[in-house]
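This report concerns only the one structure given below.
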Amino acid sequence: MALIKSISGIRGTVGGKVGEGLNPLDTVKFVSAYAAFIRETVKNGSNTIVVGRDARISGKMMEQVVIGTLMGMGFDVVNIGLATTPTTELAVTMEQACGGIILTASHNPRQWNALKLLNENGEFLNAKEGEIVLQIAESEKFNFAQVDHIGKVSEKDYTDAHIQAVLNLSLVDVEAIKTAGFEVSIDCVNSVGGIVIPKLLKALGVNKINELYCTPDGEFPHNPEPLPEHLADISAMMKTTASDVGFVVDPDVDRLAIICENGEMFGEEYTLVAVADYILKHTPGNTVSNLSSSRALRDITRKYGCGYYASAVGEVNVTTKMKAVGAVIGGEGNGGIIYPASHYGRDALVGIALFLSHLAFERKKVSEIRASYPQYFIAKQKVELTPSIDVDAILSAVKEKYNRYDVTDIDGVKIDFPDKWVHLRKSNTEPIIRVYSEAHTMKEAEDIGGEVMDVIKQLAK
C-alpha cells in the first residue's frame, strides 16, 4: 500500500493500515488539517467548501468521509457529486466558496484515490500553502465544531454550468462547429467524462458522436492515463467510422489526448500546441508551459511574434508564471490546456471546444494540422542512484559542465542546446534522476539523453 503526502495534495492506494494507505482515518486527518488551514487563512467571508469527485470505485466512500469531516470542522459543504476537476474548480468561484476538495487520483489506476486541495479562487494550493497543511496534519492541531456549529450539506450539479461557461467563451465558435458537421469519437475511460463530454459535444452542435467507455462506474477498461499504448480501442474505432477527430480524457477530465482521423495519435505534447496556434491567431500574447514540455509551443509562439516562457513542472507553477507574464494560453505537455479567459486550471472541455473551433476554421484534416507543426520527439529515461549519493551535488556539477549552453535551474537542470534539450529532475520519493530529452528524431533525443546520463554516472562514481 502507498500513501504519498506532497504539497500538491494527498494520494494513495485505498485501504491498508493507518499511515500506509489512503484510509478513512488518514483522510479525516488531512481533511481536518486543510479545513483548519482554510479557517485561518481565507477571509472572503464564506463558510462553504465545494466537494466533487471522479467516478472511481472508492469515490463514494471517500466523499462521505470528506463531507462528514468538513461538517465536523464547522464548514458548510456543497456536494457537486460526480464532476470533473475543472468543473469543481469553477464551482468554487461560482459558489463564492472559501475552498474546494476534488476526490480524484487523476490518471492513476483504480486502486488509487487522492485529495486535491483548492483555494478560494478554485486553484490548487501553492507549495508554501501545501506545506502548512502537511504541518497541521502532522501536529493534529485542529478543533472540531461544537454541536450547534456543525456544518450543513447541500447538493448541486454544476455540469451544465460548466458547459455553458465553455460555450460563452468568445473564441468557441459554435456556429462554425455546427456548420462543419463533425463526426467525433470519444473514450472517457468509464469516469465522469462519460457524463460531460457527450453533453458538451451535443451543445457544440457536433453532428455524430461515437461513444466508447462512457459509463461512469469507475471500471477503467484500460490504463486510464491517455498515452498511445493505452488507446488501441479508440484508434481502431477511428479506422472503422467516418470520424473527423477522436478525443480521449483521463478520469477527472483535465487532460486531453487527440486522435487523428486515420487513427494515429496527434501527440499529447501537441494538444497544447494546436490550441495555442488557434488562440494566438486571434488573440496574440505570451504563452507558458513547463520545462519538460515540447519546444514546439515556443516555436509556434515566436511565429506569431509573441513571447514564450517556461515554468517549473507542476500546474500551480505554470499558472503562477502565466499570471506573472500575462499569458493568453498555457499548460503542460501532457494534454493539459490552461486558458485564462475561462479559469486558471487544466480543462479538457475548454480544450475540446477550442480545438473543434480551430478545426472548423482551418478546414483541414486533423492529420494535416498535426503535420503543419514542428516535429519533435521526447525520450523519457532515468538514472538510478544509491541513497548515499548527493543528487543535488551531481545536478550542480552537470550545470557547470554544460554552462556554455543556455542552462535553467528553477526546477532541476535543463540544458537547451541549439536544436534539442535535456531536462534533469530528481525524484522526491526515490534515489533517481529523471532524464527527459527532446530533439527532431527519437534517436537524437535518446542519444543526447544518454550522453548526459553517462555524465551523471561518471559523477556518481
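The values are calculated or read from the model by the stated rules, or taken from the named source; none is laboratory data. Nothing here was measured: the structure is a model prediction, and the numbers come from that model. Glycine gets a Cβ as well: all are built from the backbone with ideal geometry, and neighbour counts include every protein chain shown.
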Within region 48-70, the residues that are surrounded by fewer than 17 Cβ atoms within 10 Å (Cβ to Cβ) and in contact (Cβ under 8 Å) with a residue 60 or more places away in the chain are Ile57
So, of the residues in region 205-223 that are in contact with a Ser or Thr (Cβ under 9 Å, 6 or more places away or on another chain) and either of a type in the set (A, V, I, L, M) or at pLDDT below 95 (or both), which turns out to be nearest to Leu82 (Cα to Cα)?
Leu212
Determine which member of the set Tyr304, Tyr344, Tyr339, Tyr270 is within 25 Å of Ala445 (Cβ to Cβ), aromatic (Phe, Trp, Tyr) and in the same structural domain as Asn210 (by TED's automatic domain parsing).
Tyr270
Of these, Thr69, Thr48, which one is within 23 Å of Gly345 (Cα to Cα) and of a type in the set (Ser, Thr, Tyr)?
Thr48
Residue within region 432-450 that is more than 26 Å from Thr271 (Cβ to Cβ), at pLDDT 95 or above and out of contact with any Leu (no Cβ under 7 Å at 6 or more places or on another chain) present:
yes
Search result, residues across region 336-354 that are farther than 20 Å from Val206 by Cβ, touching a Gly at 6+ places or on another chain (Cβ under 8 Å) and among the small types (Gly, Ala, Ser)
Gly345
Condition (residue is assigned to a strand (DSSP E or B) and of a type in the set (Lys, Arg)) applied to region 11-19: is it met by at least one residue?
yes
Is there a residue in region 399-421 that is acidic (Asp, Glu), in contact (Cβ under 8 Å) with a residue 24 or more places away in the chain and in contact with a Pro (Cβ under 9 Å, 6 or more places away or on another chain)?
no
